[in-house]
Amino acid sequence: MSSPWGKIAAPEPVNFQEIMSEELARDLQEKENRKGMPAQSSEEEFNIPPEVLEEEESLRSDEKIARMLQQQYDKEYDDILKRSEEKFNGTSKVSISFSNYRRAPLNLDFDSESEPEELEDIRDKKDWDRFDTVIREFHSIPACGYKKDNGNMVTKHDVNMSGRKNACKMMSFPPEFETGDGAGFDMKISNEVFNSLKAHSKHEQSKKHKMHDKKEDQETAIFGIDAKTRIILYKLVNSELLDRVNGVISIGKESVVLHADTNPHYPECPLPKECAIKVFKTTLSEYKQRDKYIRDDYRFKDRFGRTTGKIATLKLVQLWAEKEMHNLKRLQKAGVLVQLWAEKEMHNLKRLQKAGVLCPEVIALKQHVLVMSFIGNQNKAAPKLKDAALDDVKIMMAYKQVLQYMKAMYKQCNLIHADFSEYNILWYHNNCYVIDVSQAVEPSHENAFYFLYRDCENISNFFSKRAVPNVITADQLFKDITGYDYSNKLALVELQEPVKMKPHLVDKPGVESTYNFDNAWERSRAGQLPDQCTSDIENLNLSGSVKA
Ligand code: ADP
Ligand code: MG
């Protein structure tokens, strides 16, 4: 490839000796000339030819250019020196002068008369706005703290100067601090005003940061849709069970409920059009709360002991003092517990459904994510009983249904809701739907009767407040359900003893023998159980070893 610069013609070779001899000849000639020259050497007298004069002229202008360049160079050098001096001295009151190193004396004016004006103009144009000019003016005051301007002394503490300076400083407040068009007029801010504005700005900033941090924490910890959960949701979509996850229905202390559209063409079975996805949160505080509901549930006994027994024996103080590694391990284990929690809700919902208690239908369970039918229509969840606008007839209907459900839950499902109230009953198509049954326990649970009595109180209170006629008291409701007389809360423990002793062997009122766990287990091993009971056993035995 040819050179982009083109070819340079090689200079004609000249013999070095020739050069030398030429110079020698010129020297000799000059000496000869000088010998016959007059004492004074004026150009006119020698009658110099015009070409030579022109050449002389051009030489002079060359010299001028060279001088100008030199001046320019010196000026730049001195400017740099000045800047270094300023930088070195900063705002210090004791300053060191670099003037000895200047190339040109301080008073030397490099430029022509018109130039300073030009220079000033250019500088003005360079300023981005008024504030730049003010800052430059401020910096033009030497380190001694004052300068003379047209005979007047201007100090750094001049009211106007410091007012303008404060206005400039205000411009460096955070962008969300509204300053208005400060550059549009000669803005001056007194020190007092500036200080209070600065304090306000700082306060706003820290408030904003706090809010932001809080929001982020809420999003991650309370919202509960962490990376692991998102993967499960993606998988549910990928497995063609769900079409899309639409958004949040509710964010509670223990769970987040999402709304999703199911796949209408799901190959394995027909699905309801919409579904609710309950995501159980995995935070430690929740773990501690749930502990009491699940610990004494015999269905989870083995698994609970294996996963968290050791940790539960540690004192709370010790737990907090554990190092991060232990915390992580604990979180992992809490994760396992949360899965049990979701499983528990699934099995409890299935029991309710079998007993004819209206509730969401379980669609799928993946770890701590429970997919169930949506109680509501077109993305709009049915209202909670507390929010439903019910006339006298409907509230009466609701009351009757609720009483019936409580009995059915206890007698047929062998369950106590343990958080039964107008908050966990949805009103849909003129019917009550029971939700949120993850904490429901069997009557054998240590505090089962205490939970049941609390449920009775909630229900009686709610319907009394709604002026339903002939609402029975909590005591009466408790008796209707359990068959036991309620006297006081302390007596509840004693009342419960017969039910507690041998949880799943005791004949509880209304509990059919097919629900007897041990019985069913033995019979299933012998292959004697009908289909319905086998599925009951699946529901009851969660340790994993059962299915082997
Ligand atoms: P939490 O433990 O947070 O109380 P819930 O199971 O009570 O959880 O659900 C919280 C809210 O989510 C309910 O009050 C209800 O509004 C809504 N929700 C829960 N499950 C469903 C469902 N299957 N269909 C419609 N809305 C539901
Ligand atoms: Mg609830």
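Beyond 31 Å in Cα-Cα separation lie the following of the pairs 7/64; 169/210; 202/278; 208/344; 380/479; 210/344: 7/64; 202/278; 208/344; 380/479; 210/344. Taking other residues whose beta carbon is less than 15 angstrom from the beta carbon of residue 236, and scoring Lys, Arg as +1 and Asp, Glu as -1, yields +1. Multiplying the residue separation of residue 59 and residue 24 by 0.36 nm and removing their Cα-Cα distance gives an extension gain of 10.1 nm.
Highest-first packing order for the peptide set 337-343, 373-379, 190-196 is 337-343, 373-379, 190-196, based on the mean count of other beta carbon atoms within 10 Å. Between residue 150 and residue 68, the modelled label-to-label distance comes to 3.4 nm, taking each label 7 Å out from Cα in the direction of the beta carbon. The label-point distance for residue 273 and residue 244, in a model that sets each label 7 Å from Cα toward Cβ, rounds to 1.6 nm. Ranked for footprinting exposure by Cβ neighbours inside 10 Å, fewest first, 204, 30 give 30, 204. Derived from the Cα gyration tensor, the three semi-axes of the equivalent ellipsoid of segment 383-503 are 26, 15, 11 Å, largest first. Computed extension gain for residue 230 through residue 479, at 0.36 nm per residue and net of the alpha carbon distance, reaches 85.1 nm.
Coordinate-derived values only; no laboratory data. Here the structure is a predicted model, which means the values were calculated and not measured. Note that we place each Cβ from the backbone using ideal geometry, even for glycine, and neighbour counts take in every protein chain shown.
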